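Have a look at this one.
The values are calculated or read from the model by the stated rules, or taken from the named source; none is laboratory data. These numbers were taken from a predicted model, which means no experiment stands behind them. Every residue, glycine among them, receives a Cβ derived from its backbone with ideal geometry; neighbour counts consider all protein chains shown. These accessible areas exclude ligands, DNA and RNA; they are computed on the full protein's heavy atoms, side chains included. Shrake-Rupley method; radii C 1.70, N 1.55, O 1.52, S 1.80 Å.
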Amino acid sequence: MSDRFLYEGKTKIVEISEDGQNVILTFKDDITAGDGAKHDVMSSKGLFCSEITARLMQYLNTKGVNTMFLNYLPPNKIRAKKLKMIPLEVIVRFKKAGSFVRRYGGTEGEDLPSPLVEFTYKSDVMHDPLVCVEHLEVMGIVNKSIAEKIIEEAKKTAMLLKEFFSLHTFELWDIKFEYGVDEDGNICLGDEISPDTMRLRKSGEIFDKDIYRRDLGNPMEKYEVVLNICRSILL
Ligand code: C5P
């Protein structure tokens with residue numbers, strides 16, 4: 001194992017760059033669902049998800065969002081800013097789906113009256129419990145003003161991506177973000193933005209990880225369609 005190795009997750013490896021200044025994220029061909037209960041390896045998945053993440057983060061950078069993205073290193077790596085990650089998943093929902101429908105009812109695809117932001121605490125042993133802003137303070141994760149800043153950033157970022165996809169006649173139903181603090185002390189968007197981390201639909205057709213979760217065919221064919229849209233964003 002390289003002495004630059006930092007962390008290996010279910011779908012990514014994080015290492016310090018050779019010059020020691022940044023991190024290199026390697027996107028693996030693994031796909032998982034249900035807390036890792038379902039796991040497969042799919043050829044080209046690392047390429048699709050890394051290039052989609054690179055191009056969407058580049059788009060967000062040009063719109064003034066502070067993202068980790070620095071360079072795309074084909075086929076499946078990204079050079080990114082070093083971040084101190086906050087152990088939260090920040091979900092923005094425009095429509096009811098997935099765990100929202102399981103918890104609160106309603107119909108898949110039904111509009112929410114306004115964008116809804118949810119936090120889950122990243123903990124495998126606790127199965128990523130849903131937490132509210134007051135939990136974040138009590139648990140010492142982030143204080144109220146940082147939580148409010150993250151809510152504002154997440155809504156703004158999700159709206160920009162919703163607009164981008166709607167230009168290509170796709171509907172963004174929901175999306176998950178992860179944030180960290182960069183070396184200047186600013187909140188910065190990290191991790192990944194890909195069909196693994198969002199629900200993306202077009203005329204009822206699914207272009208995201210729900211294809212895999214629900215055994216609806218080969219998700220990589222649809223991920224490639226998403227990549228082709230994202231190739232309109234220049235790197
Ligand atoms: O399952 P749920 O409805 O809570 O997911 C909301 C959104 O967050 C979906 O787009 C899903 O793909 C994403 N998500 C994720 N990683 C998780 C949980 C959810 O990317 N661990």
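Considering each of L60, L88 in turn, give the residue that is assigned by TED's automatic domain parsing to the domain that holds D210, touching a strand residue (DSSP E or B) at 6+ places or on another chain (Cβ under 6 Å) and open to solvent by less than 40 Å² (accessible area, probe 1.4 Å).
The match here is L88.
Moving on to the next point. Among the numbered conditions (1) under 20 Å from the mean Cα position of the chain (by Cα); (2) over 26 Å from V14 (Cα atoms); (3) away from the ligand (no atom under 12 Å from the Cβ), tell me where M85 comes up short.
(2)
To continue, here is another question. Being of a type outside the set (D, E), closer than 16 Å to I52 by Cα and outside any strand (DSSP E or B) is the filter; apply it to region 185-206 and report the residue that is nearest to the ligand (Cβ to nearest atom).
Here the residue is T197.
What about T67, is it within 13 Å of the ligand (Cβ to nearest atom), open to solvent by less than 50 Å² (accessible area, probe 1.4 Å) and outside the structural domain of F170 (by TED's automatic domain parsing)?
No: the conditions fail for T67.
Here are K176, K222: which of them is touching a strand residue (DSSP E or B) at 6+ places or on another chain (Cβ under 8 Å), open to solvent by 30 Å² or more (accessible area, probe 1.4 Å) and farther than 29 Å from P87 by Cβ?
Answer to the check: K222.
Another question, then. Please list, ordered by first then second residue, the pairs with beta carbon atoms under 7 Å, 6 or more apart or interchain, first in region 147-160 and within 14 Å of I193 (Cβ to Cβ), second part of a helix (DSSP H, G or I) and not basic (K, R).
Short answer, once both residue conditions are applied: T157/L60; L160/L60.
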